[in-house]
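The values are calculated or read from the model by the stated rules, or taken from the named source; none is laboratory data. This structure is a prediction, so every number in the text was calculated from the model and none was measured. FYI the Cβ positions are ideal-geometry reconstructions off the backbone, even for glycines, and counts take in every protein chain you see. Only protein heavy atoms, including side chains, enter the accessible area calculation; ligands, DNA and RNA are left aside. Shrake-Rupley method; radii C 1.70, N 1.55, O 1.52, S 1.80 Å.
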Amino acid sequence: MADQPAVRASGLTKYFGSRTAVDGVDLSVPQGMIYGVLGPNGAGKTTTLRMVLGIIEPDRGTRAIFGNPRPRAVGDRIGYLPEERGLYPAMKAREAIAFMGALRGLDWQEGRARAATLLENAGLGHAVDEKIRKLSKGMAQLVQLLGSLVHRPDLIVLDEPFSGLDPVNQERLEALIVAERARGATILFSTHVMAHAERLCDRLAIIAGGKRRFEGTVDDARA
Ligand code: ATP
């Protein structure tokens, strides 16, 4: 169903020992939007995204992706950039992207072809045959991001995608996110920088101390 939200979560709660990391968070991400989860370090953003994706199980609450309560069952429709970055340093950029696509069921040759186009469009055409270990940290991060979307997922979840990027690569990333929305994808990303949320988001949620403090448009958030 087209009007079904890409992500719907209700009352998500996670305890780590005696600490409540996430406390009753609701989230509804409409399809085709760029949606930001904004909050300071330790607010519970990563834990929330991991519960949404089914990487960790909530202690309370429910979530569904495209209406499916088992996120892993729709894994091939999802692209994910985790907070921990990691690519095989000996792989070439194009192969690293094709490899990540293959993990999501994409044909290897098709993945290689798409990888070259994605790198070109991202302004990284010169890096197609460069090994990951030769790339700057920011460029490697963008390569990993391209790997997370090479299979053309309907939902792209990015955990702090801007952190550690220099201004040039931040601009490349913004352009990429906007291009993915134009393709029809839904993008859900976390950040602790209001400026990134302001420039990009259609809607955002603000999380602090594990609780959702705000949900709405960027204009509403400013007010
Ligand atoms: P950051 O950007 O710093 O990662 P965040 O908003 O993503 O912040 P989380 O990583 O979700 O926040 O962490 C929320 C709280 O839960 C923090 O207090 C953190 O220390 C704690 N926490 C997260 N993961 C674990 C874990 N595996 N074990 C114990 N505590 C954890």
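Data for the structure
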| item | result |
| --- | --- |
| Highest-fluctuation residue, G17, G125, G184 considered, GNM on the chain with Cα pairs under 10 Å | G17 |
| Residue (of G210, A195, A185) at the positive-pole extreme of the stretch 175-223, dipole from beta-carbon charges | G210 |
| Which of S163, S18 is most accessible, then next, and so on - probe 1.4 Å | S18, S163 |
| Area of E171 that stays accessible when all protein chains are in place (1.4 Å probe, Å², to 10) | 140 Å² |
| Estimated [θ] at 222 nm from DSSP helical runs (n ≥ 4, -39500 (n - 2.57)) normalised by residues in the chain, nearest 500 | -10500 deg cm²/dmol |
| Percentage, to the nearest whole number, of Cα pairs in the chain over 25 Å apart | 38 percent |
| Point-charge dipole on Cβ atoms (K/R +1, D/E -1) for the stretch 76-223, about Cα centre, debye to 20 | 220 debye |
| Most fluctuating residue given options L146, L106, L81, as computed from a GNM of the chain linking Cα atoms under 10 Å | L106 |
| Whole-Å distance, taken between Cα centres, linking the stretch 138-177 and the stretch 105-131 | 14 Å |
| Most mobile listed residue (R114, R183, R94) in the chain, GNM with C-alpha springs under 10 Å | R183 |
| Candidate aspartates and glutamates for bridging to K211, where Cα separation is under 19 Å - those fewer than 8 sequence places away on the same chain excluded | D23, D26, E57, D59, D159, E160, D220 |
| Residue order for D26, D3 - accessible surface, 1.4 angstrom probe, largest first | D3, D26 |
| Dipole of the stretch 137-178, positive end: most advanced residue of Q141, H151, F162 [Cβ charges, Cα centre] | H151 |
| Proximal lysines relative to K131, as straight alpha-carbon distance under 25 Å, when same-chain residues fewer than 8 apart are discounted | K92 |
| Exposure of Y15 as accessible area (Å², to 10), given a probe of 1.4 Å and all protein chains | 90 Å² |
| Cα-based shape type of the stretch 74-171, given that a ≥ b ≥ c are square roots of the gyration tensor eigenvalues and the cut on a/c is 1.5 | oblate |
| Cα-based shape type of the stretch 161-207, given that a ≥ b ≥ c are square roots of the gyration tensor eigenvalues and the cut on a/c is 1.5 | oblate |
